[in-house]
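Quick notes on the structure that follows.
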Amino acid sequence: MENNNTAVQNPLGTAPVGKLIAKFAIPAIISMLVSALYNIVDQIFIGQGVGMLGNAATNVAFPVTIFSTATALLLGIGSASNYNLETGAGHEERASGIAGTGLSMLVICGAGLCAVVLLFLNPLLHLFGGTPEVMPYAQDYLSITAVGLPFFVLTTGGNHLIRADRSPTYSMVCMLTGAVINTILDPLFIFVFGWGIKGGAWATVIGQAVSGVLVIIYFAKFRKMRLTSHMFRPRMEYLKMIASLGMASCMNQIAIAVVQISMNNILRHYGADSVYGTDIPIACVGIISKVNQVFLSICIGISQGCQPIWGFNYGASRYDRVRKTYRCSVTACTVIATVFFVCFQLFPHQIVGLFGTGSELYFQFAERYLKIFMLLTFANGIQPMSAGFFTSIGKAKLGVIMSLTRQLVFLLPLIVIFPLFMGIDGVMYAGPIADTAAFILAVVFAQRELNKMKNAEKFL
């Protein structure tokens, strides 16, 4: 009876699914887009103010952001998913304890990442594919943005718990405020003050710091969950639960970072043997990965917005609402993916041109790469959606599988093997093949899980 009473009291178990998705997904999408815009705004202004080498530098430094995001999602999504499952089952005290452990670990891990990056700055940049021409710009950029990592990790992870606490609008405001500040300060620091790439870095750090402070204010003043001081002491039992459900999103980010690092080094190697040289491919791929991040941010935002709905209703055995939410989210992602596919295929020059000027070879490579590598964009929303779905319902292993397949199982081997026969063009054609395989796998696993829920409904 406790589960049923909880479901009746909580709008996640009673409100119309469509309205719930809109309420939670729209702020989540905006938050994800804002997070992506931190990097994209920097890329645009640095491209306009510094040039191609500045774009290449932000690409070489980008794996640090990805690893930081991985840490934040491990703790943030892991905490939020467990929080929703436990509240759906009526275990309020346990749910709050998990949230407290997650928040304290976000602070600890963010500070640790900052220290590691500053201590091993040059070896990391070399590992990430920096060339002699790019390294000075990358050093300037990363040595500053590393200072903002504790705020970035707290904001990215903490916002998942804010949404789980049924405050999606506040979560959106946290991200949006920092992004607006970053967008205002970027041109001021880069062009007016003449700080170049360092100006872009400081604009990012200041925006992240403001967002992080807003997260702290929420949990100090506005939270709905019952948090007491002893709950912020990390507990191993809760950490294991958090890691179990956060691992899928974490591994997905780590896989992206591994592929990004491998791709930078492969492009550096094969670019030297091509007409493009080493720096053009690295700069172009960095731009296109940021453009793709906009598309993925929308799909992941929908998934994150649905996670409280999936988790709560699965915990309350309301499988019909879980299935309906999944169907609606997949439909929305597919429509959005199709729009981006059309844009990538019809307007590649205009998209690349947003990030600054370049030579004819620069635009030639960038346009070909965008059109070929992103050929299967219309089907790419299903895989991140399914990974979030499995995590939310406590199927941690399936979530990890979904997160790893596209990047590590399919894409990484292909970008290593194809260039052996096709040169630098092999990297381009690896993308759509990996996307096709990941799409098929996601559909098969998701349909199987939905059928299990449908059968389970007969016994309720």
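The values are calculated or read from the model by the stated rules, or taken from the named source; none is laboratory data. Note that the coordinates shown come from a computational prediction; the quantities given were computed from them, not determined experimentally. For neighbour counting, all protein chains shown are included, and Cβ atoms are generated from backbone atoms with ideal geometry for every residue, glycine included. We work out accessible area using only protein heavy atoms, side chains counted, and drop any ligands, DNA or RNA first. Shrake-Rupley method; radii C 1.70, N 1.55, O 1.52, S 1.80 Å.
Taking the criterion of being part of a helix (DSSP H, G or I), in contact (Cβ under 8 Å) with a residue 40 or more places away in the chain, among the β-branched types (Val, Ile, Thr) and closer than 28 Å to residue 267 by Cα, the residues of the stretch 108-153 that qualify are 117, 144, 145. Residue count for the stretch 387-446, restricted to those that are under 20 Å from residue 261 (Cβ atoms), surrounded by fewer than 19 Cβ atoms within 10 Å (Cβ to Cβ) and basic (Lys, Arg): 0.
Among the residues of the stretch 396-415, is there at least one that is within 28 Å of residue 50 (Cα to Cα), assigned to a helix (DSSP H, G or I) and at pLDDT 90 or above? Outline the logic, then answer.
So the first thing to find is which residues in the stretch 396-415 are within 28 Å of residue 50 (Cα to Cα), and the list is none.
Checking the stretch 396-415: not a single residue is within 28 Å of residue 50 (Cα to Cα), assigned to a helix (DSSP H, G or I) and at pLDDT 90 or above.
Taking residue 388 as the residue in question, decide whether it is outside any helix (DSSP H, G or I) and closer than 22 Å to residue 248 by Cα. Spelling it out, it is not the case that residue 388 is outside any helix (DSSP H, G or I) and closer than 22 Å to residue 248 by Cα. Considering 263, 251, the condition of being at pLDDT below 85 and among the hydrophobic types (A, V, I, L, M, F, W, C) is satisfied by 251 alone.
Is at least one residue of the stretch 298-308 in contact with a Leu (Cβ under 9 Å, 6 or more places away or on another chain) and over 23 Å from residue 70 (Cα atoms)? Please lay out each step first, then the result.
Of the residues in the stretch 298-308, the ones in contact with a Leu (Cβ under 9 Å, 6 or more places away or on another chain) are 298, 301, 305-306, 308.
The next check asks that each one be over 23 Å from residue 70 (Cα atoms); those that pass are none.
No - not one qualifying residue is present in the stretch 298-308.
For (1) among the small types (Gly, Ala, Ser); (2) in a helix (DSSP H, G or I); (3) open to solvent by less than 70 Å² (accessible area, probe 1.4 Å), each residue gets a yes or a no:
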| site | (1), (2), (3) |
| --- | --- |
| 175 | no, yes, yes |
| 179 | yes, yes, yes |
| 186 | no, yes, yes |
| 201 | yes, yes, yes |
| 210 | no, yes, yes |
| 215 | no, yes, yes |
| 218 | no, yes, yes |
| 230 | no, yes, no |
| 245 | no, yes, yes |
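Is it the case, given these coordinates, that residue 97 is in contact (Cβ under 8 Å) with a residue 40 or more places away in the chain and not in a helix (DSSP H, G or I)? No, not satisfied. Here residue 222 clears all of (1) buried (at least 16 other Cβ atoms within 10 Å of the Cβ); (2) farther than 17 Å from residue 147 by Cα; (3) touching a residue at least 24 places away in the same chain (Cβ under 8 Å); (4) of a type outside the set (A, V, I, L, M) except the condition numbered (1).
Look at residue 364 and say whether it is assigned to a helix (DSSP H, G or I), open to solvent by 50 Å² or more (accessible area, probe 1.4 Å) and at pLDDT 90 or above. Lay out the reasoning, then the answer.
Working: assigned to a helix (DSSP H, G or I): yes; open to solvent by 50 Å² or more (accessible area, probe 1.4 Å): yes; at pLDDT 90 or above: yes.
When the stated conditions are applied, residue 364 passes them.
Restricting 249, 274 to those that are outside any helix (DSSP H, G or I) and open to solvent by less than 40 Å² (accessible area, probe 1.4 Å) reduces the list to 274. Among the candidates 66, 30, 44, 40, the residue that is out of contact with any strand residue (DSSP E or B) (no Cβ under 7 Å at 6 or more places or on another chain) and modelled with pLDDT of 85 or more is uniquely 66.
Suppose the filter is part of a helix (DSSP H, G or I), within 30 Å of residue 85 (Cβ to Cβ) and either open to solvent by less than 30 Å² (accessible area, probe 1.4 Å) or in contact with a Cys (Cβ under 9 Å, 6 or more places away or on another chain) (or both); does residue 295 pass it? Step through it out loud before you land on a result.
Numbers: part of a helix (DSSP H, G or I): yes; within 30 Å of residue 85 (Cβ to Cβ): yes; either open to solvent by less than 30 Å² (accessible area, probe 1.4 Å) or in contact with a Cys (Cβ under 9 Å, 6 or more places away or on another chain) (or both): yes.
Judged against the criteria, residue 295 is a match.
Per the conditions (1) among the polar types (S, T, N, Q); (2) open to solvent by 50 Å² or more (accessible area, probe 1.4 Å); (3) outside any loop (DSSP other than H, G, I, E, B), the sole criterion not satisfied by residue 357 is (3). Taking the stretch 303-348 as the range and being of a type in the set (Val, Ile, Thr) and either open to solvent by less than 10 Å² (accessible area, probe 1.4 Å) or not in a helix (DSSP H, G or I) (or both) as the test, the residues that pass are 309, 322, 325.
Every residue, every condition in (1) more than 14 Å from residue 63 (Cα to Cα); (2) surrounded by 20 or more Cβ atoms within 10 Å (Cβ to Cβ), yes or no:
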residue: 118; (1), (2): yes, no
residue: 135; (1), (2): yes, no
residue: 142; (1), (2): no, yes
residue: 148; (1), (2): yes, yes
residue: 157; (1), (2): yes, yes
residue: 166; (1), (2): yes, no
residue: 172; (1), (2): yes, yes
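Picking from residues in the stretch 73-93 that are more than 18 Å from residue 396 (Cβ to Cβ) and in a helix (DSSP H, G or I), the one that is most open to solvent (accessible area, probe 1.4 Å) is 93.
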